[in-house]
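The values are calculated or read from the model by the stated rules, or taken from the named source; none is laboratory data. Keep in mind that this is a model prediction, so the values were computed, not measured. Neighbour counts are summed over all protein chains in view; Cβ atoms, including those assigned to glycine, are modelled from backbone coordinates with ideal geometry. Protein only, heavy atoms only, side chains kept; ligands, DNA and RNA dropped before computing areas. Shrake-Rupley method; radii C 1.70, N 1.55, O 1.52, S 1.80 Å.
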Amino acid sequence: AEELAGGGHAVVLLDRNREHLQTAVDRLNTSGFEAYGLPFDLAETEQIPETVAKIANMTGNFHVLVNNAGVNFVKPMQQVTISDWDFVMNINLKAAFFMIQAAAPLMTDGGSIINIASIAANSPRPLSVAYAASKAGVVSITKTASIVLAPRRIRVNAVCPGAMENVCGGVTVH
């Protein structure tokens, strides 16, 4: 968000945690950037089109979409429940797809969609099978969307980071 705002973009952040959302928006605004926040739970997929329309109205245009939400749990494959699987797929894959679907028609030609996938998309994760499968799905929808949106010069890319240190909490996340 800081990089985009620093490049002159107005940014709109979504988060289901209102406190974290407000902290991030305040930090950006205090730094002199134009930032807005919308409390939103990406598991509420049916509300994505309305939320994306609000974003476009707030900023006057829609040039960049970053799908950065991700959830995971760690447990052996044999213990994964249907609700575990659905939780991960709804946030990591389903929401990313429907954000792209809702945003693309509102985006300016030449825009960019950036999906945060994971190195797990292409490597086995015995204790995070749903996460790895969801991120592989993100890579797949990225490839499809890049073909579909190419005539409008909308670039669609996936970034696949590995393990990194979380600078906020000092813990390692995947």
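For this structure, a couple of remarks:
- The residue of the stretch 43-54 that is farthest from Ala1 (Cα to Cα), among those that are within 15 Å of the chain's Cα centre (by Cα) and of a type in the set (S, T, N, Q), is Thr45.
- Residues (free of Cβ contacts under 8 Å to residues at least 12 places away in the same chain, of a type in the set (S, T, N, Q) and in a loop (DSSP other than H, G, I, E, B)) located in the stretch 108-167: Ser123, Asn166
- Selection from the stretch 153-172 of residues that are at pLDDT below 95 and farther than 15 Å from Lys135 by Cα: Met164, Glu165, Asn166, Val167, Cys168, Gly169, Gly170, Val171, Thr172
- With respect to the stated conditions, Glu19 is over 30 Å from Val129 (Cβ atoms), at pLDDT 95 or above and either crowded, with 16+ Cβ neighbours inside 10 Å or more than 15 Å from the chain's Cα centre (by Cα) (or both).
- Within the stretch 23-42, residues that are within 15 Å of Leu4 (Cα to Cα) and open to solvent by 30 Å² or more (accessible area, probe 1.4 Å) sit with their Cβ atoms under 7 Å from residues that are part of a loop (DSSP other than H, G, I, E, B) and aliphatic (A, V, I, L, M), at 6+ positions apart or across chains, in these pairs: Ala24/Ala1; Glu34/Ala10.
- Comparison of Gly32, Gly8 shows that the only residue that is at pLDDT below 95, out of contact with any strand residue (DSSP E or B) (no Cβ under 8 Å at 6 or more places or on another chain) and on the phi > 0 side of the Ramachandran plot is Gly8.
- Residue count for the stretch 1-34, restricted to those that are assigned to a helix (DSSP H, G or I) and of a type in the set (Gly, Ala, Ser): 3
- Pick from the stretch 47-104, criterion open to solvent by 50 Å² or more (accessible area, probe 1.4 Å), of a type in the set (A, V, I, L, M, F, W, C) and in contact (Cβ under 8 Å) with a residue 24 or more places away in the chain, ranking: nearest to Phe33 (Cα to Cα): Met58
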